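Here is the structure we will look at.
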Amino acid sequence: MNMRSLVPWGKSRNIEINRHKEGASPFLALHREMNRIFDDFLNDFGMPARTGSEWPHIEVSETEDKLKVVAELPGMEERDVEITLQEGVLTLKGHKELEQNGRLYSERWEGAFERNIPVSDDIDPDKVKASFKNGVLTVQLQKKPEAQRQVKRITIN
């Protein structure tokens, strides 16, 4: 099989390979800035930001005493990720870089990311634990004792 037949731009090698790299295209930079402006605008009205494909993909689960956030970060290591909790918002930040190795074409994602997850003020900031294993980040957020007592089950008649 001819590998050049898999490259979507044909036989031309003059097209920039890494389109996700910061500063690669003024149109891409404009697109990202417009997305950020709309996200900020929607957040001012308490509406969720974009509902498209955000990265990293997460899973949030809740019990009476804790909240658990799991994020898939394939190809990353613990040192590449920063986690903060401030004013009821859990923030996952990081940067993913790929090796160049003379590649001709790549659909793999690389670059900086930031994901903000609202978790409320009922979280005890001193009892937050995070672990990272096999490209999966798990953050466990313990609720404050007074928040645990506020949960009331309501029966359906």
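The values are calculated or read from the model by the stated rules, or taken from the named source; none is laboratory data. Please read all numbers here as calculations on a predicted model, not as lab measurements. So basically every Cβ, Gly included, is an ideal-geometry build from the backbone, and we count neighbours across all protein chains shown. Ligands, DNA and RNA are stripped out before the accessible areas are found, and what is left, the full protein with its side chains, is counted by its heavy atoms. Shrake-Rupley method; radii C 1.70, N 1.55, O 1.52, S 1.80 Å.
Brief remarks on what is shown
- In the range 62-149, lysine pairs closer than 19 Å at Cα, eight or more apart or cross-chain: 17
- Two-site FRET efficiency, E77 against L104, from Cβ-Cβ distance with R₀ of 30 Å, rounded to 0.05: 0.70
- Distance between the pseudo-spin-label points of E33 and H95 (7 Å out from Cα toward the beta carbon): 2.1 nm.
- Among the protein heavy atoms, those of L28 account for about 50 Å² of accessible surface (1.4 Å probe, every chain in place).
- Exposure ranking of D126, D121 by accessible area [1.4 Å probe, largest first]: D126, D121
- Rounded to whole numbers, the Karplus 3J(HN,Hα) couplings from phi for the range 130-140 are 10, 9, 9, 8, 6, x, 10, 9, 10, 10, 10 Hz, using 6.51 cos²θ - 1.76 cosθ + 1.60 with θ = phi - 60°, and x at Gly and Pro.
- Under-5 Å amide H pairs with G94, H placed in peptide plane, nonlocal only: E82, F113
- Potential lengthening between D40 and D65 on full extension [0.36 nm per residue; Cα-Cα distance subtracted]: 5.9 nm
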